[in-house]
Amino acid sequence: MVTPRRDSGAVRPQLTGARVLVVEARYYEDIADELLAGATAAIAAAGAEAVVVTVPGALEIPQTVAILLEAAARAHKPYDAVVALGCVIRGETGHYDIVAGESARALMDLSVVLRLPLGNGILTVETEAQAQARARVAEMNKGGGAAEAALAVLALRRAQDASRQDRTIGFTPRRNSETE
């Protein structure tokens, strides 16, 4: 079995003051509880604030994110990152493929277009047992992993923003001492 790389010695970024929007689908309550516990713990460990909003299912997550990002920007309280949490378990019909694919596609579109740090913690699994193992904080902690992914990108974004403050971006004409 392939196992993910574990970077246990890594320094986690401190993102004090960051606002992280967490949109969770509650279709599977017990799985949602575990995903949320992992995500909020990771956000708190980074010194950031989690704002949690609940929706019925995974397909409602992307448009909710878009609506809330716009509302927060209008209120001059923008979110710095987003974490999407939910679970899609394969059933007897093709609905699984639509929900899993379209929610992931829409979240990626939002993330890229808005240059938004976004952690996708929507589980796509074959069975409830697989979902439980991935969601449990004591096991795979995919909710925490999604939050850590969003926070890592946010830290990268902040580092890039800081390094650009003293630099001019774009075309700067070269001055010719003879024409001055």
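With ALA146, ALA106, ALA131 as the choices, which residue is buried (at least 21 other Cβ atoms within 10 Å of the Cβ) and under 29 Å from ARG158 (Cβ atoms)? That would be ALA146, the only listed residue that is buried (at least 21 other Cβ atoms within 10 Å of the Cβ) and under 29 Å from ARG158 (Cβ atoms). Taking the stretch 149-162 as the range and being under 17 Å from the mean Cα position of the chain (by Cα), open to solvent by 80 Å² or more (accessible area, probe 1.4 Å) and without any contact (Cβ under 8 Å) to a residue 40 or more places away in the chain as the test, only LEU156 passes.
Report whether or not ALA152 is closer than 20 Å to GLY86 by Cα and modelled with pLDDT of 95 or more. Answer is no for this residue.
When GLY143, GLY91 are checked against the criterion of being at pLDDT below 95, out of contact with any His (no Cβ under 9 Å at 6 or more places or on another chain) and small (Gly, Ala, Ser), a single residue qualifies: GLY91. In the set GLY91, GLY86, only one residue is in a strand (DSSP E or B) and either closer than 18 Å to ALA135 by Cβ or not β-branched (Val, Ile, Thr) (or both); that residue is GLY86.
Across the stretch 99-119, the number of residues qualifying as closer than 14 Å to THR64 by Cα and outside any helix (DSSP H, G or I) comes to 1. Residue count for the stretch 73-103 satisfying the condition of being in contact with a Lys or Arg (Cβ under 9 Å, 6 or more places away or on another chain), buried (at least 16 other Cβ atoms within 10 Å of the Cβ) and over 20 Å from TYR28 (Cβ atoms): 3. Across the stretch 59-73, not a single residue is classified as in a helix (DSSP H, G or I), hydroxyl-bearing (Ser, Thr, Tyr), modelled with pLDDT under 95 and over 13 Å from the mean Cα position of the chain (by Cα).
Quick check on the stretch 39-46. Is at least one of its residues open to solvent by 40 Å² or more (accessible area, probe 1.4 Å) and without any contact (Cβ under 8 Å) to a residue 24 or more places away in the chain? Yes, the conditions are met somewhere in the stretch 39-46. Counting just the residues of the stretch 47-58 that are assigned to a strand (DSSP E or B) and more than 23 Å from ARG105 (Cβ to Cβ), which one comes out most open to solvent (accessible area, probe 1.4 Å)? For the stretch 47-58, the residue satisfying everything is GLU49.
Could you please let me know if GLY121 is touching an Asp or Glu at 6+ places or on another chain (Cβ under 7 Å) and of a type outside the set (A, V, I, L, M)? No, not satisfied. When restricted to residues that are under 13 Å from the mean Cα position of the chain (by Cα) and among the hydroxyl-bearing types (Ser, Thr, Tyr), the stretch 74-94 contains 1.
The values are calculated or read from the model by the stated rules, or taken from the named source; none is laboratory data. This one's a predicted model, so the numbers in the text were calculated from it and none came from an experiment. Note: ideal-geometry Cβ built from the backbone for every residue, glycine included; neighbour counts use all protein chains shown. Accessible surface is based on the protein model in full, side chains and every heavy atom, while ligands, DNA and RNA are left aside. Shrake-Rupley method; radii C 1.70, N 1.55, O 1.52, S 1.80 Å.
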